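Single-structure report; data block below.
The values are calculated or read from the model by the stated rules, or taken from the named source; none is laboratory data. Predicted, not measured: the structure shown is a model, and the values here were computed from it. A quick note on method: Cβ atoms are made from the backbone with ideal geometry, for glycine too, and the neighbour counts reach across all protein chains shown.
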Amino acid sequence: MKQINRNIKNIGFFLLLGLFAGCSNFDEINTNPDTITQSSASMQCTGVILSNLQAGVRDAKAYLSTNALSKYIGYVNETQMAEQYNQFSNGDFYNMTIVPNIDKMVEYATGTPMENSYRGLAKFLRAFMFYRLTMEMGDIPYSEASQGLSNNFTPKYDAQKDVLIGILDELKEADTYFANGKTFSGDPTPYNGDPAKWRKANNAFALRVLMSLSNKESDASLNIKGRFADIVSGGFLLDASTGFLGLNYNSVQKHPLYSTNNLFTSRTLISSLLVDELKLLKDRRLFYFAEPAKQQLNAGKPQTDFNAYVGPDVSRDYTTLTTEFLTGMYSALNLRYLNNQTSEPRMLVTYAEQELILAEARILNWITTGTAENYYQEGVKSALKAQMNTSATYAHGMAIDQAYIDNYFTGEAAFKTSTDEQLKQIWFQRYILNFMQDPEVAYFEYRRTHYPEFPINPSTNLNLNNPNAIPVRWLYPTSETNYNRANLIEALMNQYGDQNDDVNRLMWALK
């Protein structure tokens with residue numbers, strides 16, 4: 001029996017030996033010939049763009065929470081939404097994990113005709129991602145971020161000023177790379193790999209970053225006014241035909257609120273902060289944003305009447321707000337978000353925003369070309385034209401058309417005469433742009449301008465350390481306390497003189 005077993009083992013050994021002799025390595029016999037085993041610049045490109053430009057939320061409620069933070073909406077279902085009542089939690093450094101993928105994209109593109117385009121994209125995406133993180137939290141890891149592959153698991157924090165200078169420098173480099181780029185593959189945005197369009201969006205985003213630092217205009221090391229003027233005089237900015245930088249929703253990548261039934265869409269209220277100003281402006285975007293209040297319809301007002309739309313003060317007590325909503329007192333979110341999987345695209349950098357930023361820059365004398373009024377009107381017209389792409393079925397009989405746009409700038413929408421009023425007009429039009437789009441940008445702008453005035457109710461405010469104020473930053477990720485504590489403490493000490501990580505402390509950009 002032992003001899004038989006030995007013979008069987010010998011036969012097995014020689015069979016295995018033959019298998020290994022018939023191929024160069026073990027991987028060859030364990031590789032599916034129908035699968036991709038090596039990535040490419042194009043594949044990495046798709047992934048890093050989506051990681052940066054997608055909404056980046058888990059579900060519809062998470063999507064709504066940032067809109068609640070910026071006081072566009074109130075929410076009356078299940079339990080109160082923390083962000084509606086100014087409860088800030090910890091931020092997240094998760095997006096930094098895409099940096100190695102960005103580096104891989106550049107590595108795979110090196111030596112190819114598309115190298116400059118991918119290098120420009122890498123610079124832009126890094127700037128886009130790090131800008132959001134530093135504006136959320138302040139000092140962040142930047143120069144040593146995502147160096148885990150080099151065994152650096154405890155990156156130092158860079159001062160916010162240094163991070164923002166680095167971001168502006170990267171955007172300037174991106175401009176040069178895109179200027180010398182060729183059409184590249186793997187781009188899931190409407191730009192479809194066109195480096196000229198990316199270059200324009202890159203420069204428009206740079207103008208946003210610079211304007212967000214308007215209170216640092218006198219800092220010579222930043223050269224904000226000079227940088228801004230250089231970009232404008234370069235002449236390579238978005239125009240009305242470029243289109244937006246963002247993503248189109250489709251049957252696969254559906255809008256986050258699609259098909260949420262009674263859980264979210266019909267329980268989301270449009271705030272009085274937005275509704276009342278749109279009514280004052282006679283702005284028909286109201287009809288695309290909201291449903292008429294049931295009480296007003298029952299009282300005989302038609303859905304075409306601006307006064308049929310009523311928004312609550314979203315800082316009101318949650319129980320009271322819920323009770324009032326159930327009586328039909330308030331306008332809910334437009335049903336297109338529930339019914340249409342492609343209700344609107346995700347637009348993150350737009351011609352409309354760029355023109356409104358230029359309007360403010362002209363008032364500040366950062367530029368000398370054009371007039372603030374023309375920039376203002378051009379920005380608003382572009383926003384209204386973009387809204388025209390939404391199905392008129394959901395406009396409650398008040399669809400936006402060219403005739404309406406041509407006559408928009410009358411009454412309250414006409415450009416004011418005083419600088420103070422002009423700035424408020426510009427700021428509110430930028431606020432409207434980010435409804436259900438990128439509401440965090442609206443929050444950043446509120447911190448800068450304090451306009452529009454967000455409602456603050458000390459009796460409901462969950463900003464417990466300062467119930468008379470809106471928080472100004474997120475806390476650092478809890479993971480930093482566990483795994484990068486020494487560098488976190490150093491960052492807090494450098495910024496605030498102690499180790500207290502609090503939502504009410506002013507980061508450098510706000511001082």
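Looking for whichever is touching a Lys or Arg at 6+ places or on another chain (Cβ under 6 Å) and either among the charged types (D, E, K, R) or modelled with pLDDT under 95 (or both) here; the options are ASN77, ASN52, ASN95. Which one fits?
ASN77
Going by what's in this entry, would MET347 be described as assigned to a loop (DSSP other than H, G, I, E, B), crowded, with 16+ Cβ neighbours inside 10 Å and in contact with a Phe, Trp or Tyr (Cβ under 7 Å, 6 or more places away or on another chain)?
Answer is no for this residue.
Sort out which residues of segment 491-504 are surrounded by 14 or more Cβ atoms within 10 Å (Cβ to Cβ), assigned to a loop (DSSP other than H, G, I, E, B) and without any contact (Cβ under 8 Å) to a residue 40 or more places away in the chain, and write them in order of number.
Matches in segment 491-504: ASP501, ASP502.
Take the residues in segment 285-317 that are charged (D, E, K, R) and under 17 Å from GLN387 (Cβ atoms), then tell me which one is surrounded by the most Cβ atoms within 10 Å (Cβ to Cβ).
GLU291
Take TYR431 and tell me if it is touching a Lys or Arg at 6+ places or on another chain (Cβ under 6 Å) and crowded, with 18+ Cβ neighbours inside 10 Å.
It is false that TYR431 is touching a Lys or Arg at 6+ places or on another chain (Cβ under 6 Å) and crowded, with 18+ Cβ neighbours inside 10 Å.
Output the number of residues of segment 364-376 satisfying the condition of being crowded, with 19+ Cβ neighbours inside 10 Å and assigned to a helix (DSSP H, G or I).
Going through segment 364-376 one residue at a time, the tally reaches 3.
Scan segment 318-328 residue by residue and report those that are surrounded by 14 or more Cβ atoms within 10 Å (Cβ to Cβ) and assigned to a loop (DSSP other than H, G, I, E, B).
GLY328 - this is the single residue of segment 318-328 that is surrounded by 14 or more Cβ atoms within 10 Å (Cβ to Cβ) and assigned to a loop (DSSP other than H, G, I, E, B).
Restricting attention to segment 247-281, which residues are among the small types (Gly, Ala, Ser) and surrounded by fewer than 20 Cβ atoms within 10 Å (Cβ to Cβ)?
Of everything in segment 247-281, those that are among the small types (Gly, Ala, Ser) and surrounded by fewer than 20 Cβ atoms within 10 Å (Cβ to Cβ) turn out to be SER251, SER259, SER266.
Got a sec? Which of MET436, MET388, MET398 is surrounded by 15 or more Cβ atoms within 10 Å (Cβ to Cβ), of a type in the set (A, V, I, L, M, F, W, C) and on the phi > 0 side of the Ramachandran plot?
MET436
Can you tell me which residues in segment 44-54 are closer than 23 Å to THR350 by Cβ and buried (at least 18 other Cβ atoms within 10 Å of the Cβ)?
CYS45, VAL48, ILE49, ASN52, LEU53
Can you spot a residue in segment 416-427 that is closer than 26 Å to ALA201 by Cα, in contact with a helix residue (DSSP H, G or I) (Cβ under 8 Å, 6 or more places away or on another chain) and modelled with pLDDT under 95?
No, every residue in segment 416-427 fails to be closer than 26 Å to ALA201 by Cα, in contact with a helix residue (DSSP H, G or I) (Cβ under 8 Å, 6 or more places away or on another chain) and modelled with pLDDT under 95.
Take ALA509 and tell me if it is among the aliphatic types (A, V, I, L, M), farther than 19 Å from ILE270 by Cα, buried (at least 17 other Cβ atoms within 10 Å of the Cβ) and in contact with a Phe, Trp or Tyr (Cβ under 6 Å, 6 or more places away or on another chain).
no
If you go through segment 123-132 one residue at a time, do you hit one that is crowded, with 24+ Cβ neighbours inside 10 Å and of a type in the set (Ser, Thr, Tyr)?
No, segment 123-132 contains no residue that is crowded, with 24+ Cβ neighbours inside 10 Å and of a type in the set (Ser, Thr, Tyr).
Mind checking which residues of segment 77-132 are β-branched (Val, Ile, Thr) and part of a helix (DSSP H, G or I)?
THR97, ILE98, VAL99, ILE102, VAL106
How about segment 151-205: which of its residues are surrounded by 17 or more Cβ atoms within 10 Å (Cβ to Cβ), β-branched (Val, Ile, Thr) and touching a Gly at 6+ places or on another chain (Cβ under 8 Å)?
THR189
So, in segment 192-218, how many residues would count as being over 18 Å from the mean Cα position of the chain (by Cα), assigned to a loop (DSSP other than H, G, I, E, B) and touching a residue at least 24 places away in the same chain (Cβ under 8 Å)?
2
Filter segment 264-313 for residues that are assigned to a helix (DSSP H, G or I) and of a type in the set (Gly, Ala, Ser); which is farthest from ALA62 (Cα to Cα)?
ALA308
Name the residue, out of LYS156, LYS161, LYS123, that is closer than 22 Å to GLY234 by Cβ and in contact (Cβ under 8 Å) with a residue 40 or more places away in the chain.
Going through LYS156, LYS161, LYS123 in turn, just one is closer than 22 Å to GLY234 by Cβ and in contact (Cβ under 8 Å) with a residue 40 or more places away in the chain: LYS123.
If I ask for residues that are closer than 12 Å to GLN87 by Cβ and in contact (Cβ under 8 Å) with a residue 60 or more places away in the chain, which ones from segment 447-484 would you list?
Scanning segment 447-484 gives THR460, ASN461, LEU462, ASN463, ILE470, PRO471, TRP474, LEU475.
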